[in-house]
């Protein structure tokens, strides 16, 4: 939170921390924007991420995500768009795999000079390699979407975000349906230092319940802060801390103990690098 630069649904760790022992994850993403005209543009991007654990008994995964989008500025204040994203979740040593497709319409509006709103929504089509659910189907159709509101202040901003969709399962579930609400504030501290504070709530549950088993739900409240420093013009360094308080609807074994309430402290280091914009003529 506040340091990776990846949006909701792109981070393999997500917001379930009931796993056994320490975890480590890595993610690489790239994105290309191309201006078609003064009002329209296309965006193409991809993310590869992995989630691994130092102890056995967890669900390790490789995630492959590709997306494409089209944006059109209707007026000075209104923007319309179309988004397609395909996510492929592969689990190490497990036959199950998940392919998830979303098609969303997007709408953005500059309400005032400082206040902006962005909405996305559309169908979410999920394919399971192996049937887990009681309905005997390998495909399910649901909805996905997000809402973000941002308010700009001198040297900083306030924002609130809600998202809903299918994620890889955070090393605990073989696919999860996730809802997350996050509020954050950022501020420029000095010429090279900036700060961020964030808090939120997440709910994760099985994307598809195996026959004869209960549907696990995980409710997580989190809060934290981070600082970032510019390293020249093309790189940034960040250091963050987040505390997670998690509750499951039934006892979950974690190491030598089994319980339904867990508290996790996360310290993150980040290094991001970007090139100067390339102009194609």
(Q) What distance in nm separates the two pseudo spin-label positions at residue 159 and residue 266, each 7 Å out from Cα along the beta-carbon direction? (A) 1.7 nm
Q) Give or take rounding to whole Å, what are the principal axis extents of the alpha carbon atoms in the stretch 59-146, in descending order? A) 51, 26, 20
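Mind pulling the per residue volume of the convex hull built on the Cα atoms of the stretch 22-106? Å³ is fine. Kindly include the intermediate steps, with their values, before the conclusion.
On the way: hull volume 8.8 nm³, N = 85.
Convex hull volume per residue, Cα atoms: 103 Å³.
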Q: Using a Förster distance of 30 angstrom, determine the FRET efficiency expected from the C-beta separation of residue 68 and residue 245, and round it to 0.05.
A: 0.20
Q | Debye log10 I(q)/I(0) for the chain, one point scatterer per Cα, at q = 0.14, 0.16 Å⁻¹ | A | -1.15, -1.48
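Efficiency by 1/(1 + (r/R0)^6): what FRET value for residue 193 and residue 31, r their Cβ-Cβ distance, R0 = 35 Å, to the nearest 0.05? Could the numbers behind the result be given before it?
On the way: r = 26 Å, r/R0 = 0.73.
Efficiency computed from Cβ-Cβ geometry: 0.85.
Read the figures in this text as sums done on the coordinates, not as results from a lab. Since this is a predicted model, take the numbers as computed values, not measurements. Positions of Cβ are generated from backbone atoms using ideal geometry, with glycine treated the same way; all protein chains shown enter the neighbour counts.
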